Amino acid sequence: AVVSTQSTGGADRLVVSFVGSPTTVIEGALNAAVIVNRTVDMRYNKGVLNPVGALHGVLFTPFSNMAESECEEIANSFSSNLADLLEVPIYHFNTPPIEELGYQGIVGTLPVDPPYGPSEVNPTWGTSFVGHLKGFLMFNVNVVGTKEQAGRICKTLNNRTDLRSRAVVLDESGSVIIACEILDPTSCTMFAVMEAVKEKAAQQNVAVIGFSQP
């Protein structure tokens, strides 16, 4: 069952969350990937986030007393099936330097062989990340400042291993956001992130005007 859908204008991103049994979740994610493959062509992507592919990432999160090891097996099964079905390279989540390079940096040659699928990039798809996490939270912090100022805030935030962030300028408004991803909510809270952002923003005379879901 789909529990939420969130889109970010100017970023060309759609985030869909759904729940189900291991079998139905894998089938649902594969069906979604097929639809993405039919409708998205990365050669014409104009979003500001520079994802690694048409389906940037798929994260499986355990709940209802499911062991994390079982969730890892589900992620691996999905990765193998997706690579075979669409003949595309699939990486484990956060594989360096794939994410740093983004689609534009890998469309010619993959710098690292993928654990699943071919070692060549289909230019219409790119590649995808698949992983499992015990918890995952995405949100944007809205600031009144430049991308460079927001980038300096991100540099401090990214000293944490349980948090990732980057500065993004949204095309349609020119507004600046700090896109945050909490990788482990048991050790990093949204409150802690907001307090850190406010502290570093104040040092640069940058105003923080709230947060929003991506």
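The values are calculated or read from the model by the stated rules, or taken from the named source; none is laboratory data. Given the structure is predicted, the values throughout are model-derived calculations rather than measurements. For neighbour counting, all protein chains shown are included, and Cβ atoms are generated from backbone atoms with ideal geometry for every residue, glycine included. Protein only, heavy atoms only, side chains kept; ligands, DNA and RNA dropped before computing areas. Shrake-Rupley method; radii C 1.70, N 1.55, O 1.52, S 1.80 Å.
Which ones in region 78-92 are surrounded by 15 or more Cβ atoms within 10 Å (Cβ to Cβ) and in contact (Cβ under 8 Å) with a residue 40 or more places away in the chain?
Within region 78-92, Phe78, Ser79, Asn81, Leu82, Leu86, Val88, Ile90 qualify.
Pull up region 195-214, narrow it to residues that are in a loop (DSSP other than H, G, I, E, B) and under 20 Å from Leu137 (Cβ atoms), then point me to the one that is modelled with the lowest pLDDT.
Filtering region 195-214 for residues that are in a loop (DSSP other than H, G, I, E, B) and under 20 Å from Leu137 (Cβ atoms), the one modelled with the lowest pLDDT comes out as Pro214.
With out of contact with any helix residue (DSSP H, G or I) (no Cβ under 7 Å at 6 or more places or on another chain) and either acidic (Asp, Glu) or part of a loop (DSSP other than H, G, I, E, B) (or both) as the only criterion, which of Thr23, Thr5, Thr95 stands out?
Going through Thr23, Thr5, Thr95 in turn, the sole match is Thr95.
I'd like the full set of residues that are under 27 Å from Glu68 (Cβ atoms) and charged (D, E, K, R), limited to region 136-188. Let's see the steps before the verdict.
Within region 136-188, the first condition is being under 27 Å from Glu68 (Cβ atoms), and the residues that meet it are 136-139, 157-166, 179-188.
Result: Arg160, Asp162, Arg164, Arg166, Glu181, Asp184.
What number of residues within region 105-130 satisfy the criterion of being among the hydrophobic types (A, V, I, L, M, F, W, C) and in a loop (DSSP other than H, G, I, E, B)?
Going through region 105-130, the residues among the hydrophobic types (A, V, I, L, M, F, W, C) turn out to be 106-107, 110, 112, 121, 125, 129-130.
With in a loop (DSSP other than H, G, I, E, B) added as a condition, the list becomes 107, 110, 112, 121, 125.
Matching residues across region 105-130 total 5.
Mind checking which residues of region 35-59 are assigned to a helix (DSSP H, G or I) and surrounded by 13 or more Cβ atoms within 10 Å (Cβ to Cβ)?
Val36, Asn37, Met42
Take the residues of region 111-153 that are small (Gly, Ala, Ser) and in contact with a strand residue (DSSP E or B) (Cβ under 7 Å, 6 or more places away or on another chain): which is surrounded by the most Cβ atoms within 10 Å (Cβ to Cβ)?
Here the answer is Ser128.
Yes/no per residue for (1) modelled with pLDDT under 90; (2) closer than 18 Å to Phe18 by Cα:
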site	(1), (2)
Leu55	no, yes
Ala67	yes, no
Leu86	no, no
Tyr91	no, no
Thr95	yes, no
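Need pairs with beta-carbon distance below 6 Å; first residue open to solvent by less than 30 Å² (accessible area, probe 1.4 Å) and within region 176-188, second among the polar types (S, T, N, Q) and assigned to a strand (DSSP E or B); sequence gap 6+ or separate chains.
Once the first residue is open to solvent by less than 30 Å² (accessible area, probe 1.4 Å) and sits in region 176-188, its partners that are among the polar types (S, T, N, Q) and assigned to a strand (DSSP E or B) give Ile177/Asn140; Ile177/Asn142; Ile178/Ser165; Ala179/Asn140; Cys180/Ser165.
Just name the residue that is modelled with the highest pLDDT out of those in region 154-175 that are open to solvent by 30 Å² or more (accessible area, probe 1.4 Å) and among the hydroxyl-bearing types (Ser, Thr, Tyr).
The selected residue is Thr156.
Checking the conditions here, which among Val206, Val168, Val144 is closer than 23 Å to Arg13 by Cα, touching a Gly at 6+ places or on another chain (Cβ under 9 Å) and aliphatic (A, V, I, L, M)?
Numbers: Val206 fails: closer than 23 Å to Arg13 by Cα; Val144 fails: touching a Gly at 6+ places or on another chain (Cβ under 9 Å).
Criteria check complete, one pass: Val168.
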